[in-house]
Amino acid sequence: MITQKDIAEIKNLHKEERCPYTHVAACYVVDNAISCIVPPKSMLELQNEEFFKYLDIAKNIFQPKSIGGKNLELKVNYEGLEIVDDWKNIALGQVMDEEALDAVYESIVANISSAENYTILLYFGVYDIMVRTEDGNDLDESEEVYKFITCAICPTALEKPSLEMQETKIEPLDRKWIIGKPKHGFCYPAFENRSADTTKALYYCSNPEYPLHALMENVLGMERELTGAEYRADLKGTIMGIVKSEEEVQQYQEELAVRLESIARDAEVEQKDTRITPDMLESLLKPITEHAAAVAKEYGKDCMGKYPKAELLYTKKQRDAYYARKQKQKGKELLTRASNSLARAGFGDLAGEIEDYLYKTR
């Protein structure tokens with residue numbers, strides 16, 4: 001399993017003194033067709049400003065704090081072995097010939113339908129993995145040479161119109177096409193347990209609600225994986241299809257979040273990989289709703305045997321909303337008791353004010 005530590009180790013290489021990339025190549029796509037291709041160029045030959053821009057873009061692909069969200073661990077689909085073998089030849093052999101790169105670009109473009117122009121950046125990386133002691137220090141002994149490809153797919157748009165003040169007049173500045181932060185990307189082979197795993201890739205999407213499954217399956221030859229945002233949306237849709245009331249659905253999700261957080265916390269302490277099966281979900285939902293069995297059954301169909309970890313099925317916002325609602329209920333209960341006590345003690349005016357407040361805030 002790819003861990004935060006694995007992703008962080010590669011991300012930390014994206015610095016001037018430890019840049020892991022030898023070359024970078026590019027392809028510019030306009031109206032879903034290849035417009036131009038930039039052959040591989042040496043990272044060492046780039047000017048400082050350009051060098052750091054390239055590194056900043058590549059660094060975005062690695063999100064150690066968002067596994068299951070912006071970063072997904074992809075596993076090889078054995079029906080796509082031919083595709084994976086092509087990636088092995090490019091990544092492990094550091095193949096940079098025109099024919100191989102053209103095939104990569106064409107495959108990516110064929111599996112993306114975009115309303116905006118974009119640039120595909122391919123980085124060729126080599127990382128000499130040093131032997132590491134138990135206390136985390138590197139020794140001057142090479143353990144393995146990790147060769148990999150990082151791909152960043154970046155929206156490319158015209159910069160905003162601007163005016164330039166000259167000595168005697170104002171002129172519009174020429175607008176340039178700016179390469180933005182990547183929306184999608186990947187790293188192959190995956191870096192796991194301080195070694196290359198050619199049966200896996202690390203996928204990146206800037207918005208976990210909209211990953212590119214075609215990129216996972218058809219470009220990388222990997223199995224489709226869902227992000228936490230997709231799992232949560234599917235679960236919400238399942239509950240909505242059975243319960244109908246959006247207010248109830250929200251309440252169920254908030255209460256479920258607290259129970260899921262407890263499971264996730266225990267799994268972290270015990271270092272277990274706890275997946276939420278339909279049976280587990282039904283057990284968690286039973287105290288919340290009479291529809292627990294029906295929801296769990298549909299959940300099982302949606303997941304098709306690929307069950308998410310507990311932490312992917314809830315958000316901190318849902319958990320906090322549960323506690324805020326409980327706190328509000330507790331406050332109203334205390335005010336109601338106080339109002340009743342004041343009324344019995346002869347403080348009717350004050351009791352009435354409290355009742356008015358409770359009425360207005362119900």
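Taken together, the values in this text are just the output of simple stated rules run on the coordinates, not laboratory data. Computed from a prediction, not measured in an experiment: that's the story for all the values here. When we count neighbours, we look across all protein chains shown, and the Cβ atoms used for this are built from the backbone with ideal geometry, even at glycine.
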_From the phi angles alone, apply the Karplus equation (6.51, -1.76, 1.60; θ = phi - 60°) to region 33-47 and give each ³J(HN,Hα) in whole Hz, x where the residue is Gly or Pro._
9, 5, 9, 7, 10, 9, x, x, 10, 5, 5, 5, 8, 7, 5
*For region 4-225, what's the relative contact order in percent, using C-alpha pairs closer than 8 Å and at least 6 residues apart?*
26
_Give me the net charge for the shell around Pro278: Cβ to Cβ below 14 angstrom, other residues only, Lys and Arg +1, Asp and Glu -1._
0
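Would you mind counting up the charge near Glu261? Only other residues with Cβ under 9 Å from its Cβ, with Lys and Arg at +1 and Asp and Glu at -1.
+3
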*Estimated inter-spin distance, Leu173 and Lys330, nm [label 7 Å along Cα→Cβ]*: 5.4
*Peptides 197-206, 5-14 ordered by average Cβ neighbours within 10 Å, highest first*: 197-206, 5-14
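Run the helix sum for the chain: -39,500 (n - 2.57) per DSSP H stretch of 4+ residues, divided by residue count, reported at 222 nm to the nearest 500 deg cm²/dmol.
Result for the chain, helices only: -13000 deg cm²/dmol.
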*Positive-end residue of Ile170, Ile10, Pro211, charge dipole of the chain with Cβ unit charges*: Pro211
*Can you tell me the dipole magnitude for region 128-219 around its Cα centre, using point charges on the Cβ only (Lys, Arg +1; Asp, Glu -1), in Debye to the nearest 20?*
700
*asked:* For a quick size check, give me the Cα extents of region 319-360 along its three principal axes, largest first, whole Å.
replied: 41, 18, 8
*Counting only complete DSSP H runs, which helices of the chain cover 30 Å or more along their long axis at the Cα atoms and score a mean Kyte-Doolittle of -1.0 or above?*
246-269
*Expressed as a whole number of Å, what is the distance separating the alpha-carbon centroids of region 158-174 and region 296-320?*
52
*Determine the gain in length on full extension of the stretch Lys11-Ser35; use 0.36 nm per residue of separation and subtract their C-alpha separation, reporting nm with one decimal.*
5.6 nm
*Listed candidates [x] 48, 28, 22; [y] 34, 31, 18; [z] 29, 25, 20 - label of the one calculated as semi-axes √(5λ) of the Cα gyration tensor in Å*: [x]
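Of Lys11/Lys65; Lys41/Lys70; Lys236/Lys328; Lys70/Lys147, which sit over 19 Å apart, Cα to Cα?
Numbers: Lys11/Lys65 12 Å; Lys41/Lys70 29 Å; Lys236/Lys328 24 Å; Lys70/Lys147 23 Å.
Over 19 Å apart, Cα to Cα: Lys41/Lys70; Lys236/Lys328; Lys70/Lys147.
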*Using a basic spin-label model with each label point 7 Å from the Cα along Cα→Cβ, how many nm lie between Asn207 and Thr22?*
3.8
*Cα centroid of region 1-33 to Cα centroid of region 86-104, whole Å*: 16
*What does the charge count near Lys200 come to, summing +1 for each Lys or Arg and -1 for each Asp or Glu among other residues with Cβ under 9 Å from its Cβ?*
-2
_Need the list of lysines near Lys326 for cross-linking: C-alpha distance under 20 angstrom, and skip anything on the same chain fewer than eight residues off._
Lys286, Lys316, Lys317, Lys360
*Asp279-Glu116 pseudo-label distance in nm [points 7 Å out on the Cα-to-Cβ vector]*: 4.6
*Inter-part distance where region 322-354 and region 113-131 are each reduced to a Cα centre, Å*: 60
*Please give the peptides 256-262, 304-310, 46-52 ranked by average Cβ packing (other Cβ atoms within 10 Å per residue), highest first, as a rough proxy for protection.*
256-262, 304-310, 46-52
_Can you compute the charge dipole magnitude of the chain about its Cα centre, using +1 on each Lys and Arg Cβ and -1 on each Asp and Glu Cβ, nothing else charged? Give it in debye, rounded to the nearest 20._
1860
*GluC sites (Glu not before Pro), restricted to region 52-160: which are DSSP loop and have at most 10 other Cβ atoms within 10 Å?*
Glu134
*Provide Thr361, Thr119 in ascending order of the number of other Cβ atoms located within 10 Å of each residue's Cβ, fewest first.*
Thr361, Thr119
